1. Please go through (1) out of contact with any strand residue (DSSP E or B) (no Cβ under 7 Å at 6 or more places or on another chain); (2) of a type outside the set (A, V, I, L, M); (3) open to solvent by less than 40 Å² (accessible area, probe 1.4 Å) for Thr151 and return the number of the only condition it doesn't satisfy.
2. Under the condition of being assigned to a loop (DSSP other than H, G, I, E, B) and either modelled with pLDDT of 85 or more or of a type in the set (A, V, I, L, M) (or both), which residue from region 39-49 is farthest from Gly11 (Cα to Cα)?
3. Here is a list of conditions, (1) in a strand (DSSP E or B); (2) of a type outside the set (Ser, Thr, Tyr); (3) under 17 Å from Ile25 (Cβ atoms), and Gly123 meets all of them except one; can you say which number that is?
4. In region 10-28, which residues are surrounded by 16 or more Cβ atoms within 10 Å (Cβ to Cβ) and at pLDDT 85 or above?
5. Quick check, is Thr148 under 24 Å from Gln92 (Cα atoms) and in a loop (DSSP other than H, G, I, E, B)?
6. What tally of residues in region 61-86 results from selecting those that are assigned to a loop (DSSP other than H, G, I, E, B) and in contact with a strand residue (DSSP E or B) (Cβ under 7 Å, 6 or more places away or on another chain)?
7. What do you reckon, is Ser159 modelled with pLDDT of 90 or more, in a loop (DSSP other than H, G, I, E, B) and open to solvent by 10 Å² or more (accessible area, probe 1.4 Å)?
Amino acid sequence: RYADGRLLVGGGFTNLGSSLRYSGIVRLNADGTLDTTFLGGSASATRHVDDTVFALAVRESDGAIAIGGTFTNVAGQTQRGVALLDSNGVFQSAFRPVLTNTGVFSFNILALAFQPDGKLLIGGAFSAVNGRAQINIARLNTDGTTDTNFTATLAVNSSHVVALLVQPDGRVCLAGSFSTV
């Protein structure tokens, strides 16, 4: 929710209202009407998100929006599980992390959190980010590359990270179904 009452909505929906087609993410005005200035998720192939958006995070410094989920395509381009939109919903093609999963579950991002320095924490079910082994939790630099200074990982047989929180002192809290961090 924004300070002015607008609200970002993510999910697995494909329609909003009776005549407009939207997918994955929309922004609503404080009165509940569609914010038509927000371009993310619209039917246009240059804005469309092709599957479910489970997680949203807004970067305070510039209003950029991170989206996470089970999608494989954003704005007509292959982008799996995590993407960055500008404050108006336009896909930021320079931010291109590559998620992979060697386990039985498909990759998915269920939790996102920006840190004050603009770095993005991602949590969910995946085994590697940008070719580097990262089990279900990782931190991305502002350009989408993997922050190699972040060494947290979960046990290989653990389930998903479903929530992330950055505390005021910089510590990271996570929740989910796992036994070892």
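The values are calculated or read from the model by the stated rules, or taken from the named source; none is laboratory data. On a predicted model such as this, the values are computed, not experimentally measured, just so you know. Neighbour counts are summed over all protein chains in view; Cβ atoms, including those assigned to glycine, are modelled from backbone coordinates with ideal geometry. With ligands, DNA and RNA removed, areas are computed over all heavy atoms of the protein, side chains included. Shrake-Rupley method; radii C 1.70, N 1.55, O 1.52, S 1.80 Å.
1. Answer for Thr151: the failing condition is (3).
2. Filtering first and then ranking leaves Ala45.
3. Tallying (1) in a strand (DSSP E or B); (2) of a type outside the set (Ser, Thr, Tyr); (3) under 17 Å from Ile25 (Cβ atoms), Gly123 fails exactly one: (3).
4. Gly10, Ile25, Val26, Arg27, Leu28
5. On the way: under 24 Å from Gln92 (Cα atoms): yes; in a loop (DSSP other than H, G, I, E, B): yes.
Yes.
6. The number of residues fulfilling the criteria is 8.
7. No; evaluated as a whole, the condition is false for this residue.
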